[in-house]
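The structure appears below as structure tokens.
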Amino acid sequence: MSSIFNLTSSLRHSRWLMLMLLVGVLTLAVACGSGSDDADSGSDAGAASSADGDALSEVSRILSPEASLTFDDYVAAGWKKSKQYDTETVPEATDIWYGFFNSKDIEVRFYDSHEVAKTAGYENASEAIDQSFREGGQFGASNRGAGSSAVTKYKAFAVVGNTVMLCEQSVDSCLALADVLGG
């Protein structure tokens, strides 16, 4: 009788051990899997890293290399100017304005040429949205515009001709403005 009792007790302990191992493995799989899903969807800080070109391409565009846009072109396209920023904090920018288009914040940075906009401007814009990810850990984190004291949420950007637009919600708001500009 005691050998049957020992066998039953051993089986119970084995079942509990197997159950605990299974729960541990599943917990680890879910934890590891959810982190990679976030990175793939572009919703964490790693997705905005300038080292990760694929993820950055989801939140940025380069358009209209031949265009040479002015402040007046943006105003004529329906972009509402709000405040001018000092260019001191944005290398190689010649002018920086904060404004709105279709009820979305869009900061416009002007450069001498498309080449400068797609190199120095692109790098600075990717760092600006990357900084917002580092501060908040995901899309929609707070980021200060060039020299502003107001908190602005930039999740994406577009290089259009000789300008770089930082976009509040998504690159779509900048693409809508670029379409009106002829880009």
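The table below gives the values:
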| quantity | calculated |
| --- | --- |
| Residue that is modelled with the lowest pLDDT, among those in region 119-141 that are open to solvent by less than 50 Å² (accessible area, probe 1.4 Å) and polar (S, T, N, Q) | SER132 |
| Which listed residue is at pLDDT below 95, within 19 Å of ALA156 (Cα to Cα) and of a type in the set (Val, Ile, Thr), from VAL59, VAL108, VAL116, VAL30 | VAL59 |
| Every residue from region 146-176 that is open to solvent by less than 10 Å² (accessible area, probe 1.4 Å), modelled with pLDDT under 90 and touching a Phe, Trp or Tyr at 6+ places or on another chain (Cβ under 8 Å) | ALA146, THR152 |
| TYR98 in contact with a helix residue (DSSP H, G or I) (Cβ under 6 Å, 6 or more places away or on another chain) and either closer than 18 Å to GLU168 by Cα or at pLDDT 95 or above (or both) | no |
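Per-residue answers, yes or no, for (1) in contact with a Lys or Arg (Cβ under 8 Å, 6 or more places away or on another chain); (2) hydrophobic (A, V, I, L, M, F, W, C); (3) in contact (Cβ under 8 Å) with a residue 12 or more places away in the chain; (4) open to solvent by 30 Å² or more (accessible area, probe 1.4 Å):
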| site | (1), (2), (3), (4) |
| --- | --- |
| THR94 | no, no, yes, yes |
| TRP97 | yes, yes, yes, yes |
| PHE101 | yes, yes, yes, no |
| ILE106 | no, yes, yes, no |
| TYR111 | no, no, yes, no |
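The values are calculated or read from the model by the stated rules, or taken from the named source; none is laboratory data. For clarity, every value in this text was computed on a predicted model and none was experimentally measured. Because the Cβ atoms are built from the backbone with ideal geometry, glycine has one as well, and the counts that use them run over all protein chains shown. With ligands, DNA and RNA removed, areas are computed over all heavy atoms of the protein, side chains included. Shrake-Rupley method; radii C 1.70, N 1.55, O 1.52, S 1.80 Å.
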